[in-house]
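First up is the structure itself, then whatever we jot down about it.
The values are calculated or read from the model by the stated rules, or taken from the named source; none is laboratory data. In this text the structure is predicted, and so the values were computed from the model without any measurement. Please note: Cβ atoms are built from the backbone with ideal geometry, for glycine as well, and neighbour counts cover all protein chains shown. Side chains are part of the model used for accessible areas, which takes the heavy atoms of the whole protein and leaves out ligands, DNA and RNA. Shrake-Rupley method; radii C 1.70, N 1.55, O 1.52, S 1.80 Å.
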Amino acid sequence: MRTEKVREVTSHVVLMFGVLVSLFPFYWMLVMASNTTPDIFAYPPKLLVGSHLLENMRNVLDNIDFFGAMLLTLFASLGVTVLVLFFDSLAAFAFAKYEFPGRNLLFGILLVTFMIPSQLALVPQFVTLAEFGWIGSLKALIIPGAANAFGIFWMRQYAKGAIPDELISAAKVDGAGFFRQYLTVGLPVLRPGLAFLGIFTFINVWNDYLWPLIVMTDPNRLTLQVALQQLNGVYGTDYSMVMAGALMSVIPLIGVFIIGGRHFIADIAAGAMKF
């Protein structure tokens, strides 16, 4: 009995330590965003929140079109996330629950593309989009990311163990075709996996810097990360203003993580109760 109590206390202590380590970067960002640049480089460093947060946030809004860049980034992130959830889950459902010629070969090719660095595709993608005339438009941010190998691999592995073959067989007996099986059998079971993939994709697109820097050629239509880079001066940088901009850009992600994480946990709990 005492051993179990010690294990329980130890596990709680380890978890609390992990939480504190995970939260410290956000707290430190808040500390730097609420102080001045000289305060950031002071020794010993200031560990408490300062009184310059609103001033630094006003400086951010004065130097860049923050909300315009945030709106563009929001549209791009939502567009890519919706398309990834649909196409990746559809392909994963087929790979996991259907037998067709060349299935293993196609999945192997998919895994090979997963291991190729994404930077190698920048030039071919840019040339292709230039031929379509999409450079500088929202389509250039959304269409190239409409599906990805990681999402298909993740959802395929999840679907393979989460969807019983008996449900697929019952749907076929009822006369359901592929898309009806996907909508009525696959999607309800795949919701926890889709919640994780949605959070992962949204955060990745929101934080992407390199691809928007290349394709968004209009200086008045920049994504958030590219706009924040403009806060860095040529001869000097106000790091407190930069950190205030970073803090402002992180706040929507925290909301997305809280909402998506709640659905993720709720769907897993509901699935556990059913089984």
In the stretch 1-72, which helices (runs of 4 or more DSSP H) lie fully inside it and hold 2 or more residues that are open to solvent by 70 Å² or more (accessible area, probe 1.4 Å), at pLDDT below 90 and of a type outside the set (Ser, Thr, Tyr)?
2-33
Determine which single condition Ala266 fails, assuming it passes every other condition in (1) within 30 Å of Asp65 (Cα to Cα); (2) outside any loop (DSSP other than H, G, I, E, B); (3) at pLDDT below 85; (4) open to solvent by less than 60 Å² (accessible area, probe 1.4 Å).
(1)
Of the residues in the stretch 108-149, how many are closer than 20 Å to Ala94 by Cα, of a type outside the set (A, V, I, L, M), in contact with a helix residue (DSSP H, G or I) (Cβ under 9 Å, 6 or more places away or on another chain) and surrounded by fewer than 16 Cβ atoms within 10 Å (Cβ to Cβ)?
2
Tell me, yes or no, whether the stretch 99-110 has at least one residue that is at pLDDT 90 or above and not in a helix (DSSP H, G or I).
no
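Can you tell me which of Phe114, Phe87, Phe126, Phe67 is of a type in the set (A, V, I, L, M, F, W, C), within 22 Å of the chain's Cα centre (by Cα) and over 18 Å from Asn204 (Cα atoms)? Write out each step before concluding.
On the way: Phe114 fails: over 18 Å from Asn204 (Cα atoms); Phe87 fails: over 18 Å from Asn204 (Cα atoms); Phe126 fails: within 22 Å of the chain's Cα centre (by Cα).
After ruling out the rest, the residue left standing is Phe67.
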Among (1) in contact with a Gly (Cβ under 6 Å, 6 or more places away or on another chain); (2) on the phi > 0 side of the Ramachandran plot, there is one condition Ile142 misses while meeting the rest; what is its number?
(2)
For the stretch 66-122, what are the residues that are among the small types (Gly, Ala, Ser), free of Cβ contacts under 8 Å to residues at least 12 places away in the same chain and in contact with a Phe, Trp or Tyr (Cβ under 9 Å, 6 or more places away or on another chain)?
Ser118
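Taking the condition of a type in the set (Lys, Arg), free of Cβ contacts under 8 Å to residues at least 12 places away in the same chain and touching a helix residue (DSSP H, G or I) at 6+ places or on another chain (Cβ under 8 Å), does Lys160 pass? So that I can check it myself, show each step before the final result.
Numbers: of a type in the set (Lys, Arg): yes; free of Cβ contacts under 8 Å to residues at least 12 places away in the same chain: no; touching a helix residue (DSSP H, G or I) at 6+ places or on another chain (Cβ under 8 Å): yes.
Considered against the rule, which asks whether it is of a type in the set (Lys, Arg), free of Cβ contacts under 8 Å to residues at least 12 places away in the same chain and touching a helix residue (DSSP H, G or I) at 6+ places or on another chain (Cβ under 8 Å), Lys160 comes out as no.
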Kindly indicate whether Leu85 is aliphatic (A, V, I, L, M), under 30 Å from Phe26 (Cβ atoms) and touching a helix residue (DSSP H, G or I) at 6+ places or on another chain (Cβ under 7 Å).
yes
What residue, among those in the stretch 202-234 that are of a type in the set (D, E, K, R) and either within 14 Å of Ile142 (Cα to Cα) or touching a helix residue (DSSP H, G or I) at 6+ places or on another chain (Cβ under 9 Å) (or both), is most open to solvent (accessible area, probe 1.4 Å)?
Arg221
Can you tell me which residue is modelled with the highest pLDDT among those in the stretch 155-188 that are of a type in the set (A, V, I, L, M, F, W, C) and crowded, with 19+ Cβ neighbours inside 10 Å?
Met155
